[in-house]
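Report on the following structure.
The values are calculated or read from the model by the stated rules, or taken from the named source; none is laboratory data. No experiment lies behind these values; they were computed from the predicted model shown. Here the Cβ positions follow ideal geometry from the backbone for every residue, glycine too, while neighbour counts run over all protein chains shown. With ligands, DNA and RNA removed, areas are computed over all heavy atoms of the protein, side chains included. Shrake-Rupley method; radii C 1.70, N 1.55, O 1.52, S 1.80 Å.
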Amino acid sequence: MPVETIRWVGGVGGHIELIDQTLLPVEFKYIECRTTEQVWEAIKVLRVRGAPAIGIAAAMGLVLGVQDSTAQSFDEFLQDLREAKELLQKSRPTAVNLFWALERMERTALENSDLPLGELKARLLREALAILEEDRQSCRAIGRHGAALLRDGDTVLTHCNAGGLATADYGTALAVLFAAKEAGKSISVFADETRPLLQGARLTTWELLQAGIPTTLICDSMAAAVMREGRVDAVIVGADRIAANGDVANKIGTYGLSVQARHHGVPFYVAAPASTFDLRLEDGSRIPIEERDPEEIRRWGGRQIAPDGIEVYNPAFDVTPAANITAIITERGLIEEPTTGKIAALLENAEQGPFGRAE
Ligand code: MRU
C-alpha cells in the first residue's frame, strides 16, 4: 500500500494532514495545516514536495484560504481566493503542477459564480479532492504503461524521489517499478542520493525498501561509473515541468544523467502526468529554475562543510533536452522520442489540463 502523503480531514471547515518529509527517514510524522500560510511554508521548506503533491497541497491550501471567508458577494470572495492563490504561487517556481492546480481552482470558482457562497466553498473542496483522486489514477496508469518497458531482472537507476511521497498514490517513476513488481518481474534499483537535500537517500530508498524492491544507494557522482560497468538497464526519473517540445525540468543532476545514459546506450525514461506539461512554453529554455539557499550546500547535517563566505550556486532543477529522452511515460500512454507534434497529439483531448492548452 502506498503512503498517504497528504489528506484532507473533515468537510468544509476541515484541515490538511501531510507527512513532514524533512523528518524522514528517521521520523514518520503527520503535521496539520490549517491556514494558507502554513501550506505555503510546508511547500517552501519541502515538508511536502514533488510536483504532483505540491499541486494537491496548493489546491487544498486555496480551500483553507477561502473556507472562513466572510465575503458577502462573489467579487469579494474572488478577492480572498486570489490573495491565497498569490501567496501559494510564491512558494516554489518550477513545478508547473502548482500553477496548474491553482488555475483550475480559480476556474472552478469562476464557473460557479452563481452558487451561494457556502455551496461554492463545498464545490472548491470537491475540486481539490478531485485533483487528488485524478493523480491517484494517473500514478496507476503511468505504472501500467511504464512496467511494459522493463524486463524481468532489469536494474533501474533513479534520481531524487518520484514516488508515493511525491504524489497522491505510488508515484510516477517509482510507479513503474512498483507496477513491474506487481506484474511478477524482479527489478532492482540504484538510487542516487540527490545532493543537496538527499531526496534519493532519505525518501526513495525508504519507499523502495518498504516495497521489498532490492535497492542500492549511490552518490550522484557514481552513476556514470555504474552505467559504464553495464549494471544499469534503464534510467527512470520524474518531472517538474515539461515544455511543449518535450524538454524536461527535473531535479538538478537529471540532465547529467541523461547525457551519461545516452553515452552508454542506456534508455532514459521520464514518467509524468498530463498536469506536468506546460504547453505555453515552446521549449525548456523558458522554464523558471528555482535557486535555493546557499546554506543547503555550505552546511550538511547541521555542520559547516565549506569556508565562510564561499560563493555558492544552488539551482534546484535542470533541463534535459527532449533529444536525450527515449520516451515520456504518461497516464495516457508513451511518447517515444518526444516532439511537439507527438505531445500535442497525445494530450489535446485530455480531460484535465495540461497547462496552457486552449480551453
Ligand atoms: O525539490 P523536490 O524534492 O520537490 O523535487 C522533486 C523532483 O524533482 C521530482 O523528480 C519531481 O517533482 C517529480 S515527482 C513525481
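Structure summary
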item	result
Unique residue being within 13 Å of the ligand (Cβ to nearest atom), part of a strand (DSSP E or B) and modelled with pLDDT of 95 or more when the list is A239, A191	A191
Single condition T204 does not satisfy, out of (1) buried (at least 23 other Cβ atoms within 10 Å of the Cβ); (2) in contact (Cβ under 8 Å) with a residue 60 or more places away in the chain; (3) within 14 Å of the ligand (Cβ to nearest atom); (4) more than 16 Å from F317 (Cβ to Cβ)	(2)
All positions within the range 26-42 that are open to solvent by 50 Å² or more (accessible area, probe 1.4 Å) and among the aliphatic types (A, V, I, L, M)	V26
Criterion (among the polar types (S, T, N, Q), open to solvent by less than 50 Å² (accessible area, probe 1.4 Å) and modelled with pLDDT of 95 or more) met by exactly one of T155, T216	T155
Extreme residue, surrounded by the most Cβ atoms within 10 Å (Cβ to Cβ), among residues of the range 242-258 that are more than 9 Å from the ligand (Cβ to nearest atom) and either part of a loop (DSSP other than H, G, I, E, B) or of a type in the set (V, I, T) (or both)	I242
Failed criterion for D308 (all others in (1) at pLDDT 95 or above; (2) surrounded by fewer than 19 Cβ atoms within 10 Å (Cβ to Cβ) hold)	(1)
Any strands (runs of 3 or more DSSP E) falling wholly within the range 259-347 and containing at least 2 residues that are within 16 Å of the ligand (Cβ to nearest atom)	268-271, 317-320, 327-330
Answer from T35, T70 - the residue that is without any contact (Cβ under 8 Å) to a residue 40 or more places away in the chain and under 18 Å from L129 (Cα atoms)	T35
Residue within the range 43-66 that is in contact with a Phe, Trp or Tyr (Cβ under 8 Å, 6 or more places away or on another chain), crowded, with 18+ Cβ neighbours inside 10 Å and over 18 Å from L98 (Cα atoms) present	no
The range 44-75 - residue that is in a helix (DSSP H, G or I) and more than 19 Å from L125 (Cβ to Cβ) and, of those, farthest from the ligand (Cβ to nearest atom)	D75
Single condition Q210 does not satisfy, out of (1) in contact with a strand residue (DSSP E or B) (Cβ under 8 Å, 6 or more places away or on another chain); (2) farther than 30 Å from I343 by Cα; (3) open to solvent by 10 Å² or more (accessible area, probe 1.4 Å)	(1)
Neighbours by Cβ (under 6 Å, 6+ apart or cross-chain): first from the range 215-232, part of a strand (DSSP E or B); second open to solvent by less than 30 Å² (accessible area, probe 1.4 Å) and β-branched (V, I, T)	T215/V189; T215/T205; L217/T205
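So that you can scan it fast, the table gives a plain yes or no per residue for (1) open to solvent by less than 50 Å² (accessible area, probe 1.4 Å); (2) assigned by TED's automatic domain parsing to the domain that holds G238; (3) among the small types (G, A, S):
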{"site": "E83", "(1), (2), (3)": "no, no, no"}
{"site": "S91", "(1), (2), (3)": "yes, no, yes"}
{"site": "N97", "(1), (2), (3)": "yes, no, no"}
{"site": "E106", "(1), (2), (3)": "yes, no, no"}
{"site": "N112", "(1), (2), (3)": "yes, no, no"}
{"site": "G118", "(1), (2), (3)": "no, no, yes"}
{"site": "R123", "(1), (2), (3)": "no, no, no"}
{"site": "A128", "(1), (2), (3)": "yes, no, yes"}
